[in-house]
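Below you'll find the structure, written out as structure tokens, and then a few comments.
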Amino acid sequence: MAEPGWAKGDPIRTSDDYLESLRGRDLDVWLFGERVDEPLDHPIIRPSINAIAETFDLAERRPDLATAKSAITGERVNRFLHVTESVDDVVAQNRMQRELGRLTGTCFQRCVGMDAVNSLYSVTFDVDEAHGTQYHARFRNFLEMAQRQGYVLGGAMTDVKGDRSKGPSEQSDPDLFVRIVERRDDGVVIRGAKAHQTGCINSHWILVMPTMRLTASDRDYAVVCAIPVEASGLTYIYGRQACDTRAMEPGSIDVGNAQYSGQEAMIIIDDVFVPWDKVFLDGEHEFAAPLVERFTAYHRRSYVCKSGVGDVLIGAAALVADYNGVERASHVRDKLVEMNHLNETIYGTGMAASHESFRTAAGNYENDGMLANVCKHHVTRFPFEIGRLAQDLAGGFVSTLPSEAELTHERLGPLLDKYLAAKDGVPTEHRVRVLRLIENMTMGRNAVGYLTESMHGAGSPQAQRIQIARLADMEGKKEAAKRLAGIDDGTR
Ligand SMILES: Cc1cc2nc3c(=O)[nH]c(=O)nc-3n(C[C@H](O)[C@H](O)[C@H](O)COP(=O)(O)OP(=O)(O)OC[C@H]3O[C@@H](n4cnc5c(N)ncnc54)[C@H](O)[C@@H]3O)c2cc1C
């Protein structure tokens, strides 16, 4: 008789398969000083798993949006695992990301893996061209396996970095950037730590990549490889979020978003063995910079996901204005217009970057770097302004509400129902719920994804300004000005 549901080793196709695939992995996960027995069943961790599960549900509901036919397997695969084969493929990623942001109101954690796949696809090709290595074929084999099995991939780029004024090999502790500590006949051994790793505990494989430009003396730090999440030697230290323990309380109001959250953890990599077939860069230090640049080009326009999250926050702000009876006030309408304007500016620049995609030497498609950096730079600011306006429209109760325990209290509940009421016909609970959602997204656990990740994820603001300066073609602009101003200084 066929085994019901998902069995270990079966391809993961549905959200139920995905949830079951995470069970019983005996990962070394730590939260509040305790080892977590089963992350899937932990009330603080589970909402982050739900957010990834939504990517599987969307693939079933909207295969046009969230799956694509892969040239590698010849089958339809989840779009997060797909190597872009056209401009439309790159654009479709953004459409999917907005929809998932809107569905979850948080970070659904799969963009890093998707962008790592696409940048590694072309960079491994370029390294092979330069060095006669075999990385691209190895990477394609890995990808074929991941696509066939439907795995979730995490992308681990950010090292802990120690003294920021020094490079990897200049640090007093050589482990502050992930490095190869041993090369063996059958593979390499790596050591170090990766910080802020989105969705790592909810993934099946982690793609390890260098975090910055490297020099010849950093050769051992020039390592790209895939490691299974359950590899021996990996420890995951969970990043706690504001108000996270509310998920351990009874009730569903105070959490704000009971279903979904993001997840970040620090990964300690304590001498983890990686066989050669999962090593995609070993010492070719000059390819670290192109990899970081290509990865961040993809990833910085992936932040259109925040426009989907922004849709939720704008909706919440409009709802609270309705409930308070001020929806017709001109300044309220104007604030909602401003929020939409900012939100669509994020989406517009990300989409523009994707529409301007070009074919790489490896054959996949990569978006425009300048527009992607402009998109991400907007993201470092606009969600904060949208959040400010949402708090403005919410009123002070966004941060002074009593808890659900009082709302349901025998004596206090009816009093609060009376005194927290707003417009006639609006149940007090609805008003409270939407206020808690705004709190969740601007100060609570989903502010990690909507605000801090917007600031630092895919690089802090200065990283985009450096790229914008590099890509701005200032000489070309000066020439254009000289031509129209009639300046002939002999340089043209
Ligand atoms: C919620 C969240 C999710 C994330 N998810 C992932 C993920 O999934 N995978 C991943 O790989 N990374 C992830 N990141 C990491 C992200 O890319 C980094 O946070 C970002 O690159 C900044 O690095 P940092 O946090 O070490 O900050 P720092 O590097 O310490 O930066 C702090 C400040 O110092 C400045 N600074 C840093 N170095 C220098 C220097 N040499 N000279 C001058 N100024 C400097 C920066 O510009 C910034 O203003 C995530 C981050 C967050 C917050």
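Details
- Selection within segment 407-444: residues that are of a type in the set (Val, Ile, Thr) and assigned to a loop (DSSP other than H, G, I, E, B). The member of this set that is nearest to ARG388 (Cα to Cα) is VAL426.
- Unique match (being at pLDDT 95 or above, assigned to a helix (DSSP H, G or I) and open to solvent by 10 Å² or more (accessible area, probe 1.4 Å)) among ALA59, ALA51: ALA59
- GLN109 vs. criteria closer than 16 Å to TRP205 by Cβ, under 25 Å from the mean Cα position of the chain (by Cα) and surrounded by fewer than 24 Cβ atoms within 10 Å (Cβ to Cβ): no
- Look at (1) assigned to a helix (DSSP H, G or I); (2) surrounded by 14 or more Cβ atoms within 10 Å (Cβ to Cβ); (3) among the aliphatic types (A, V, I, L, M) and you find that LEU484 fails only one, number (2).
- Looking only at segment 130-174, and only at residues there that are over 26 Å from the mean Cα position of the chain (by Cα) and among the polar types (S, T, N, Q), the one that is farthest from the ligand (Cβ to nearest atom): GLN134
- Positions within segment 406-427 being open to solvent by less than 80 Å² (accessible area, probe 1.4 Å) and within 20 Å of GLU249 (Cβ to Cβ), in sequence order: GLU406, LEU407, LEU412, GLY413, LEU416, LEU420
- Wholly enclosed strands (runs of 3 or more DSSP E) of segment 210-326 bearing at least 1 residues among the small types (Gly, Ala, Ser): 223-228, 264-275
- Residue check, VAL432 more than 20 Å from GLY101 (Cβ to Cβ), surrounded by 18 or more Cβ atoms within 10 Å (Cβ to Cβ) and not assigned by TED's automatic domain parsing to the domain that holds ALA247: yes
- Residue check: ALA316 meets all listed conditions (1) closer than 18 Å to GLU439 by Cβ; (2) under 21 Å from the mean Cα position of the chain (by Cα); (3) among the hydrophobic types (A, V, I, L, M, F, W, C); (4) buried (at least 24 other Cβ atoms within 10 Å of the Cβ) but one, namely (2).
- Matching residues in segment 422-452 - criterion: being near the ligand (Cβ under 9 Å from one of its atoms) and small (Gly, Ala, Ser): GLY449
- Among residues of segment 263-283, those that are away from the ligand (no atom under 16 Å from the Cβ) and closer than 30 Å to GLY105 by Cβ, counted: 0
- Comparison of TYR238, TYR303 shows that the only residue that is within 30 Å of VAL178 (Cα to Cα) and touching a helix residue (DSSP H, G or I) at 6+ places or on another chain (Cβ under 6 Å) is TYR303.
- Residues of segment 175-211 that are surrounded by 18 or more Cβ atoms within 10 Å (Cβ to Cβ) and within 9 Å of the ligand (Cβ to nearest atom): LYS194, HIS196, GLN197, THR198, GLY199, CYS200, MET209, THR211.
Residues are listed down the side, and each one gets a yes or a no for (1) in contact with a helix residue (DSSP H, G or I) (Cβ under 9 Å, 6 or more places away or on another chain); (2) assigned by TED's automatic domain parsing to the domain that holds GLY310; (3) open to solvent by 50 Å² or more (accessible area, probe 1.4 Å):
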{"residue": "HIS331", "(1), (2), (3)": "no, yes, yes"}
{"residue": "ILE346", "(1), (2), (3)": "yes, yes, no"}
{"residue": "ALA353", "(1), (2), (3)": "yes, yes, no"}
{"residue": "TYR365", "(1), (2), (3)": "yes, yes, no"}
{"residue": "GLU385", "(1), (2), (3)": "yes, yes, yes"}
{"residue": "ARG388", "(1), (2), (3)": "yes, yes, yes"}
{"residue": "LEU393", "(1), (2), (3)": "yes, yes, no"}
{"residue": "GLU404", "(1), (2), (3)": "yes, yes, no"}
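- Scanning segment 453-470 for residues that are in a helix (DSSP H, G or I) and either farther than 16 Å from ALA353 by Cβ or near the ligand (Cβ under 9 Å from one of its atoms) (or both) returns GLU453, SER454, MET455, HIS456, PRO461, GLN462, ALA463, ARG465, ILE466, ALA469.
The values are calculated or read from the model by the stated rules, or taken from the named source; none is laboratory data. Quick caveat, the model's predicted, so the values are computed rather than measured. For neighbour counting, all protein chains shown are included, and Cβ atoms are generated from backbone atoms with ideal geometry for every residue, glycine included. Side chains are part of the model used for accessible areas, which takes the heavy atoms of the whole protein and leaves out ligands, DNA and RNA. Shrake-Rupley method; radii C 1.70, N 1.55, O 1.52, S 1.80 Å.
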